[in-house]
């Protein structure tokens, strides 16, 4: 029996260690190191994921000899997806689409096949559905083309053989957790199998100019042998997010070698598939309660696009002495800091209250421009006084309670006015004031105290 060697992987960052540890030495995460056994035979020989796969060989070329006249990008047929990718998919790239099971990753990939097949040969490989099931789902989505080939297979060697025979322009693998290399003893979905199969697909994409889309499932922590351990291997990492009981879906880039990583795409899940949302602000603000305390609207920049988001806060007296803190879509530590600033500089005794902060629509606000709206929403809930429905707030809050100007303020104000808001609270600007949209009253404040007096009168 061949001797086996144990290799330890971190499921959070993908780093390898010589022995097990309770804390990953690379990223510092706790309880993320798992053991995988690798047979000695697999270590001494090149696996099926790394050998010559019967395709044409490649060689190094001089950088000056590479012709860039031909456009390397192509459109996928979905504007929101093209936006997140940086203007379209890049030929010969490896794109990882991650998300929780059932969020709509397979639907998104199969939906774009209708447009891609107009000028390309697409091979859709599914390890979770039969070809008959793929046919039924494609009919529901309205996808039908002779240039779309489907294959129900999980073996890596068989998939690569099919690619060699069919020579597609685009390959879609659904999902990477179901693929396995027969030369390895580990089961499908293990870290060893996932990394080996992804390496094979990366060599296929780079060596043979095939655009590869790979679907990867993640759990709530996003760490079990999924995209987290593959992020360093692929060109683009896209995360498809959405709340369980909401039709809103958000696609964001966590890594993109060919474009920015701060763009998002917004979709709505319907009975016949995903529909693009060209005006996400209007969708995210739909159903906003009027006259209810604890809600305020802000404007954040998602790439080059301003998006309005609703921040809701609930503050109530703590019944058991020790106050609870919770935030959804807003950084927990920053929310705690804003609560401390609100008590120290705003004069509100919020330390004795349970505090809950929530961003409506599944958005994640990670820029400081949302600070002022969060503070005002918490103050509104504490005072039990609603913020006027036609008012928005934009600005960063410092530890002394001061308000600081954020970038792209004029563009944000234009978006606020376009959505029908008539007043907006912003930090006081020095020097010449910027352009102010017609019909929008801009209220400038130097600190959170002035902002609260401008809204609540105290």
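The values are calculated or read from the model by the stated rules, or taken from the named source; none is laboratory data. Source: prediction; values computed, not measured. Note that we place each Cβ from the backbone using ideal geometry, even for glycine, and neighbour counts take in every protein chain shown.
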Would you check if there is a residue in segment 207-223 being over 25 Å from residue 143 (Cβ atoms), buried (at least 21 other Cβ atoms within 10 Å of the Cβ) and either modelled with pLDDT under 90 or assigned by TED's automatic domain parsing to the domain that holds residue 87 (or both)?
no
Among 392, 374, the single one that is within 26 Å of the chain's Cα centre (by Cα), part of a strand (DSSP E or B) and outside the structural domain of residue 247 (by TED's automatic domain parsing) is 392
When restricted to 254, 260, the only residue assigned to a loop (DSSP other than H, G, I, E, B), surrounded by fewer than 19 Cβ atoms within 10 Å (Cβ to Cβ), under 18 Å from the mean Cα position of the chain (by Cα) and not assigned by TED's automatic domain parsing to the domain that holds residue 405 is 260
Of 292, 313, 323, the only residue that is modelled with pLDDT of 95 or more and either assigned by TED's automatic domain parsing to the domain that holds residue 395 or part of a strand (DSSP E or B) (or both) is 313
The residue from 103, 97 that alone is within 24 Å of residue 269 (Cα to Cα), buried (at least 17 other Cβ atoms within 10 Å of the Cβ), touching a helix residue (DSSP H, G or I) at 6+ places or on another chain (Cβ under 8 Å) and assigned by TED's automatic domain parsing to the domain that holds residue 213 is 97
Regarding segment 393-403, can at least one residue be identified that is modelled with pLDDT of 95 or more, surrounded by 22 or more Cβ atoms within 10 Å (Cβ to Cβ) and on the phi > 0 side of the Ramachandran plot?
yes
Going through (1) part of a strand (DSSP E or B); (2) surrounded by fewer than 16 Cβ atoms within 10 Å (Cβ to Cβ) one by one, residue 171 fails only at (2)
